[in-house]
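The values are calculated or read from the model by the stated rules, or taken from the named source; none is laboratory data. The shown structure was predicted, so the numbers you read here are calculated from the model rather than taken from an experiment. Neighbour counts are summed over all protein chains in view; Cβ atoms, including those assigned to glycine, are modelled from backbone coordinates with ideal geometry.
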Amino acid sequence: MPSVPRRPRSPRSPRRPHRRLPSVLLTLALAAPGLTAVAGAGALVAATPAVALDNGTALTPPMGWNSWNSLGTGVTEQQVKQTIDFMSANGLVAAGYNTVTIDDGWSLSHRSGQSGDLVKNAYNAMQLYDDNGNPVLGADGTGNDPTTGHLVPNASYPSQTVNGQSVNGIQYLAWYAHSKGMKFGLYGTDTYTTCQGHPGSLGHEATDATDFVSWGVDYVKYDDCPYGPQVIGPDGHNYYTQGEGKELTQSMYARVQTFQRALDAASAAQGRPRVTLSVSAQPVHTGVPYLLNANDPARTDPVILAAGTPAFQAPGYAPTATWCGQVANLCRIGGDRDSELSGVLYGQQLQTALQSSANVRPGSWNDMDMMFTGWNDPYGVYGVTDNNISSKSFTDDESRTEMSILSMMASPLISGADLRSAADSQHSWNGVNWSTGINANSLAVYKNRDVIAVDQDALAKPATLVGGAPASQTAPVVLKRQLAGGDTAVLLVNQDPGNWAMISTSLGALGLTAPGYSYKELWTGATGQFTGTVGGNWVAAHSVAMYRLTPLPTTVPATVVGDGNYHSISAGGTGGQVLEVSGTCSSPVGVVADINTWWPTHTSEQWTFATNPDGTVRISDNCNTGTQVSTVLAAGTAAGNSAYLLTYSPGNPWQEWRVVQNSSTGALTISNVATGLVLDTSGTAAGTATVTNAANAAAPGQAWSVLS
């Protein structure tokens, strides 16, 4: 279901109103025998167990945009075209956001077979009738749908002419999206009505699927919106609102499966590609077990049977992540989110996603709801024209955090922000003007190819939690995701909305066994090496640090470490130039280290690699003069700073190094503990200073060979 607002609808932002449960309870006076014999349920027939859906679509998490959060039921053909144009012109389509979807409210409030809008009962449910045409409440699973015909686009989608043919407005937008290299999505429901009271597809699956496919629809967001009275069972249990008629006798699983198979049949009949199906159901929809058909396919699905069904719930309803991959490509695993970041953190969607990882595989993804990345307050300026926290703008940090979490969990990246130009997204109220369109910073967040690559990773394994659950809603969270090719993504999340946090983990805690890993921080672009601690820097409130770790090439502890001998080491790409105390041993303490011609007898070119108590390495020269006595190699504070020689100071991390050796080539990689930067050369000529730089496997000066 699209997002639910926390205040009444305003002309400035057509957000969905609350759907309230009726205050009047319906008590079903059912005798005990009625628990297994339901009108219309039929005799007990063994349903055929389902296998996981494999329709060849959504092999990576879908990416795109949905109209609901920013434009609601008032979305128009022009606004959708503006969105398509913006996404195409600003690199979003090229980055992978290739699907644009219209949400609830696009159709008339009746089908083509009726001249008037749907008749509703006192519970805002579609009025059902018995076989004699008398109205019934349908809360016992009975009742007939009187509607016929096709769904009809409303006046916001006027007919257009395409290639000399007149097409309806939905078909035109599908054509327009395709002309820009995009896909087109449309909203429907497995219930009698949509959440906004328009006709749903229950009982009309073949008709609607055929129309959708013929219109060029590539993606369907399929909601579940049962209306009706609360149901009190014969044992006194309150099942709350679960629907009417077939919404009670057919599981959500069965209704989704029927529509999915109708889509496949329509695609095959029309010679068109198969359609991706996204289930957008809510966790409160649990069904009424004694009303469910005896032969409902959810009763025999092996995945549902293995998971079990809780008491007072029917199989094939909540939680959808148990069974969604059997009948659809995506499924919502939680309730609607708003623009409070807490909705995607641990304790809400992230926790649910971690618990539902078994549903994730190519063609089956857990949907953590539409993104608020880049969201701007539709009511103006938060704290000035708007005090509703659920609609406030996302900060840049919050945008990065949301996208990072979704990418780590292999969730679809479906934006709900206003992806239109500033000119097209202008608003005005009480003399205040503003734009809800995303800004340049937000656009850069969406287009971060390194983060997108994690989301779209071919291994399709979602992240796991490192360590135990956070002790509070503001405590840090660490996630680890295994990637194709042997890399690992690590996310450090500061859940605290008001304070910075220093967050770290370790290679051991991550289960990573190589001696060292090169890393790239995916938001800043910083690179380096980790050989023990991962992270350890301050992370802003509601922000993240996201790393991609790559094992250093077949590294082992260096043989020179702790052997008690002095060695000369040569920098790669320098023709055999070796590390030396610049100016030889007569230079004062504080002199830089450089590279120079190798002389086997020069003690200024001889180094010992001693092990410190904490396992790090101290690199000392062999000088013993009035100015130099076994001084130690130290690093500067930033990339490009020279390495230099100092008197030993125990525990000083700038004087501590980690030294690993490539088992194939024998080359040493020498990284500084304080900075993570790697010992390198600033040139190749004799007398060139040594420096520390970000780890770079292609930099020859970072590979040091042992000459003696």
* To do: Output the number of residues of segment 568-578 satisfying the condition of being surrounded by 22 or more Cβ atoms within 10 Å (Cβ to Cβ) and in contact with an Asp or Glu (Cβ under 7 Å, 6 or more places away or on another chain).
  => 1
* Asked: Quick check: is even one residue across segment 318-328 aromatic (Phe, Trp, Tyr), assigned to a helix (DSSP H, G or I) and within 26 Å of His204 (Cβ to Cβ)?
  -> no
* Determine whether segment 473-484 contains at least one residue that is touching a Gly at 6+ places or on another chain (Cβ under 6 Å), touching a residue at least 40 places away in the same chain (Cβ under 8 Å) and more than 24 Å from Asp614 (Cβ to Cβ). => yes
* Does segment 252-269 contain at least one residue that is assigned to a loop (DSSP other than H, G, I, E, B) and either modelled with pLDDT under 95 or closer than 19 Å to Asp190 by Cα (or both)? -> no
* **Test: residue in segment 174-192 that is buried (at least 23 other Cβ atoms within 10 Å of the Cβ), outside any loop (DSSP other than H, G, I, E, B) and of a type in the set (Asp, Glu)** => no
* From (1) buried (at least 21 other Cβ atoms within 10 Å of the Cβ); (2) under 12 Å from Ile405 (Cβ atoms), pick out the condition that doesn't hold for Gln351. => (1)
* Of these, Gly343, Gly334, which one is assigned by TED's automatic domain parsing to the domain that holds Gly188, out of contact with any Phe, Trp or Tyr (no Cβ under 8 Å at 6 or more places or on another chain), modelled with pLDDT under 95 and within 30 Å of Tyr379 (Cα to Cα)? -> Gly334
* Structure fact -> For segment 300-312, pairs from a residue that is in a helix (DSSP H, G or I) to a residue that is among the aromatic types (Phe, Trp, Tyr) and surrounded by 15 or more Cβ atoms within 10 Å (Cβ to Cβ), with Cβ under 6 Å and 6 or more apart or across chains, are Val303/Trp323; Ile304/Trp323
* Asked: Any idea which of Tyr227, Tyr239 is modelled with pLDDT of 95 or more, closer than 21 Å to Arg299 by Cβ and out of contact with any Pro (no Cβ under 7 Å at 6 or more places or on another chain)?
  -> Tyr239
* To do: Looking only at segment 298-305, decide whether some residue is closer than 27 Å to Gly468 by Cα, aliphatic (A, V, I, L, M) and under 27 Å from the mean Cα position of the chain (by Cα).
  => no
* Residue under evaluation Asp235, criteria (1) under 30 Å from Tyr123 (Cβ atoms); (2) of a type in the set (D, E, K, R); (3) surrounded by 21 or more Cβ atoms within 10 Å (Cβ to Cβ), criterion not met -> (3)
* Could you count how many residues in segment 568-613 are of a type outside the set (D, E, K, R), touching a residue at least 60 places away in the same chain (Cβ under 8 Å), in a strand (DSSP E or B) and in contact with a Ser or Thr (Cβ under 7 Å, 6 or more places away or on another chain)? -> 9
* strands (runs of 3 or more DSSP E) within segment 500-567 that include 2 or more residues surrounded by 18 or more Cβ atoms within 10 Å (Cβ to Cβ) -> 501-506, 517-521, 527-530, 533-539, 544-551
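I'd like the residue in segment 346-396 that is among the aromatic types (Phe, Trp, Tyr) and at pLDDT 95 or above and, out of all such residues, is farthest from Ser415 (Cα to Cα).
By that ranking, first place goes to Tyr346.
Can you tell me which residue among Val466, Val454 is β-branched (Val, Ile, Thr) and crowded, with 20+ Cβ neighbours inside 10 Å?
Being β-branched (Val, Ile, Thr) and crowded, with 20+ Cβ neighbours inside 10 Å holds for just one of Val466, Val454, which is Val454.
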* Being part of a strand (DSSP E or B) and closer than 30 Å to Val162 by Cβ is the filter here, so list the residues in segment 215-242 that pass it. => Tyr219, Val220, Lys221, Tyr222, Asp223
